[in-house]
Each structure stands twice: as structure tokens, then as C-alpha cells.
1. Residue under question is VAL81, and the condition is that it be part of a loop (DSSP other than H, G, I, E, B), of a type in the set (Val, Ile, Thr) and within 12 Å of the chain's Cα centre (by Cα); does it hold?
2. Which is modelled with pLDDT under 90 and either assigned to a loop (DSSP other than H, G, I, E, B) or not acidic (Asp, Glu) (or both), of ALA51, ALA68, ALA74, ALA34?
3. Residues being closer than 18 Å to LEU25 by Cβ and not aliphatic (A, V, I, L, M): count how many of those fall in the stretch 58-85.
4. Mind checking whether some residue in the stretch 3-17 is modelled with pLDDT under 90, over 15 Å from the mean Cα position of the chain (by Cα) and not in a helix (DSSP H, G or I)?
Amino acid sequence: MSDPTPALHDQFPELLARLPPGLDLDALALETKAIQRRREVVDGAGLLRIALARGPGGLSLRQTAAWAALRGIAELSNPGVKYRLNQAAG
């Protein structure tokens, strides 16, 4: 499978650098309960990458799950992606 979202991978460090200096994505994800147990999605940055792939990246749930697995971000099913993003949205 070719990577449909090379920009999401190649430019992610730049995106992180643009976030406010004191922003701790891991603490924020735990505080808002976007991540409750660090199993499939282990950190806030990984969750942000998945959200960007699904939302602005325009990937389907299936494509997002496959993309996350290919990138080593998380091993999720299609419903798993939806559940994690719904949890993150509150």
C-alpha cells in the first residue's frame, strides 16, 4: 500500500514546533481522557497524528487504521480509530 499522506509524516515535526512551547500533548490527552490507558495509542502526539490523518488528511477509518499501522503509531481497527477520535472529541 502506498502512503496516501506523505505530508502528514514529513511535516509533523514542523507542526509540533509550531505548537505553544509549554503544551504537553501527553498530559493534555490524559487530562481530557482522550487517552485513558496507554495501549494502542501511547501518546498525545500519536493521537494528534491519527486525528490529522482522519480529518484534514481526508482518510477513511480503514485508511487511517492502515496508515497508523504502517507508520508504527498504533495498531487499531476501523472502529478503534472512530472510538479513539470520539473519546478525544469529548
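1. For VAL81, the condition - part of a loop (DSSP other than H, G, I, E, B), of a type in the set (Val, Ile, Thr) and within 12 Å of the chain's Cα centre (by Cα) - is not met.
2. Numbers: ALA51 fails: modelled with pLDDT under 90; ALA68 fails: modelled with pLDDT under 90; ALA74 fails: modelled with pLDDT under 90.
Selected residue: ALA34, the only one of ALA51, ALA68, ALA74, ALA34 that is modelled with pLDDT under 90 and either assigned to a loop (DSSP other than H, G, I, E, B) or not acidic (Asp, Glu) (or both).
3. So the answer is 3.
4. For the stretch 3-17, residues modelled with pLDDT under 90, over 15 Å from the mean Cα position of the chain (by Cα) and not in a helix (DSSP H, G or I): present.
The values are calculated or read from the model by the stated rules, or taken from the named source; none is laboratory data. All values derive from a computational prediction rather than experimental measurement. So basically every Cβ, Gly included, is an ideal-geometry build from the backbone, and we count neighbours across all protein chains shown.
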